[in-house]
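Here the structure comes first, spelled out in structure tokens, and everything after it is commentary.
The values are calculated or read from the model by the stated rules, or taken from the named source; none is laboratory data. Since the structure is predicted, the reported quantities are computational estimates derived from the model, not experimental observations. Cβ atoms come from the backbone with ideal geometry, glycine included; neighbour counts cover every protein chain shown. Protein only, heavy atoms only, side chains kept; ligands, DNA and RNA dropped before computing areas. Shrake-Rupley method; radii C 1.70, N 1.55, O 1.52, S 1.80 Å.
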Amino acid sequence: MVTIKDVAKKAGVSVMTVFRVINGSKNVKESTREKVLRTIEELGYVPNSVARSLILNKTLTIGLVISDITNPFFTTIARGVEDTAISKHFTVILCNTDEDPEKEMMYAEVLARSKVDGVIYASASGKKAPLKSLFLKKIPIVLIDRTIEGVNDLDIVRGDSVLGAYLLTKHLIDLGHRRIGIIVGSHFISTARDRVEGYKKALNEANIPIDESLIKINENSKFSKEDGYRLTKELLNLENPPTAIFGGNNLMAVGALLAIRERGLEIPEDISLVSFDDIESLSEVYPFLTVVKQPAYTMGVIATEILIRRIENRDKIKEKREILLTPELIIRKSTAPPKRKT
């Protein structure tokens with residue numbers, strides 16, 4: 001079996017230089033890199049990940065904590081993380097919290113004991129406490145999608161939820177809607193707070209009074225289809241129901257769609273419906289929902305690249321980074337001017 005020492009000897013370089021080439025380090029001259037790569041190909045050398053991790057004193061694993069693997073948004077983030085990690089010779093441990101703070105705490109402790117090299121983290125609770133075990137082990141963390149109360153010194157990659165909610169609400173206002181309902185997860189979750197903020201910003205700009213009865217917040221924290229269904233029924237049962245509904249994420253929008261159809265209402269003829277985040281499988285088959293789409297895959301890629309630079313101490317920027325990605329408004333067939341005056 002060809003070893004890394006065989007590659008180093010034939011190429012006339014040190015073993016560490018070969019490791020640097022395999023690891024994609026930029027601290028190698030291009031001529032040396034090409035010579036090492038030619039030698040690897042000639043000898044048919046396959047890098048041993050165990051040996052590599054021992055030399056580098058790393059496990060070459062990244063923890064990914066997401067809140068709902070059934071949500072296409074988080075699934076796409078996970079794909080971006082995995083693709084990028086694999087390309088850098090890291091593997092990924094996926095932890096799905098189901099928006100459950102107890103599971104979040106458990107997974108954070110498991111990852112700390114597993115000695116992962118770093119963690120990409122979407123908080124379920126919005127609290128700092130679950131991070132304590134990771135902080136104690138000095139494990140690098142990059143937050144993704146959501147901020148955490150009292151944590152201001154970690155890198156974060158997220159979409160601009162305030163802007164996205166503003167764009168969706170303004171679109172409905174421009175169509176003539178004045179009674180616009182919104183359904184979101186708990187205010188413990190930063191994206192829920194941001195989306196209500198963007199919604200209110202658009203209403204205030206249009207001089208439309210804020211009606212708190214039209215703002216439905218799911219206080220058990222989840223952004224689920226079932227919660228979207230339940231909160232939409234509450235909106236439709238109002239004495240003066242909304243002419244449009246803003247689903248706080250894609251799963252809640254699906255729940256809203258079911259509740260609306262159960263009531264015998266047509267979209268958009270009787271009521272308009274919009275969603276924060278897209279549902280790729282549905283939009284490809286039948287482009288229906290007007291949405292704000294976040295670059296979820298890109299979010300995963302950027303978060304992983306930042307984390308690996310932190311892990312490898314190659315990041316010259318010491319202060320925290322905040323990468324705010326711009327969402328895209330996609331207008332489809334689920335919105336129209338209101339049927340009745342409000």
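On the basis of being buried (at least 22 other Cβ atoms within 10 Å of the Cβ), under 29 Å from residue 102 (Cβ atoms) and at pLDDT 95 or above, does residue 243 make the cut?
Criteria not met by residue 243.
If I go through the range 148-172 residue by residue, how many of them are under 16 Å from residue 77 (Cα atoms) and surrounded by fewer than 24 Cβ atoms within 10 Å (Cβ to Cβ)?
Number satisfying all stated conditions: 3.
Any residue in the range 230-243 that is farther than 14 Å from residue 273 by Cα and among the basic types (Lys, Arg) sitting within a Cβ distance under 9 Å of a residue that is modelled with pLDDT of 95 or more and open to solvent by 30 Å² or more (accessible area, probe 1.4 Å)? List the pairs, counting only those 6 or more apart or interchain.
230/216
Could you list, ordered by first residue, the pairs with Cβ atoms under 9 Å in which the first is in the range 323-340 and under 12 Å from residue 268 (Cα atoms) and of a type in the set (A, V, I, L, M) and the second is open to solvent by less than 80 Å² (accessible area, probe 1.4 Å) and outside any loop (DSSP other than H, G, I, E, B), at least 6 apart or interchain?
The qualifying pairs are 336/272.
Scanning the range 6-27 for residues that are in a helix (DSSP H, G or I) and modelled with pLDDT of 85 or more, which turns out most open to solvent (accessible area, probe 1.4 Å)?
Per the criteria, the residue is 9.
Only one of 220, 207 is within 21 Å of the chain's Cα centre (by Cα) and either part of a helix (DSSP H, G or I) or surrounded by fewer than 14 Cβ atoms within 10 Å (Cβ to Cβ) (or both); which?
Every option except 220 fails the conditions.
Which of the following residues is at pLDDT 90 or above, under 14 Å from residue 308 (Cα atoms) and open to solvent by less than 30 Å² (accessible area, probe 1.4 Å): 78, 85?
Answer to the check: 85.
Of the conditions (1) at pLDDT below 90; (2) open to solvent by less than 40 Å² (accessible area, probe 1.4 Å), residue 276 fails just one. Which one is it?
(1)
Can you tell me which residue in the range 126-161 is nearest to residue 276 (Cα to Cα), limited to those that are part of a helix (DSSP H, G or I) and not aliphatic (A, V, I, L, M)?
Per the criteria, the residue is 161.
Could you list all residues from the range 94-125 that are within 25 Å of residue 185 (Cβ to Cβ), open to solvent by 40 Å² or more (accessible area, probe 1.4 Å) and outside any helix (DSSP H, G or I)?
94, 98, 100, listed by residue number.
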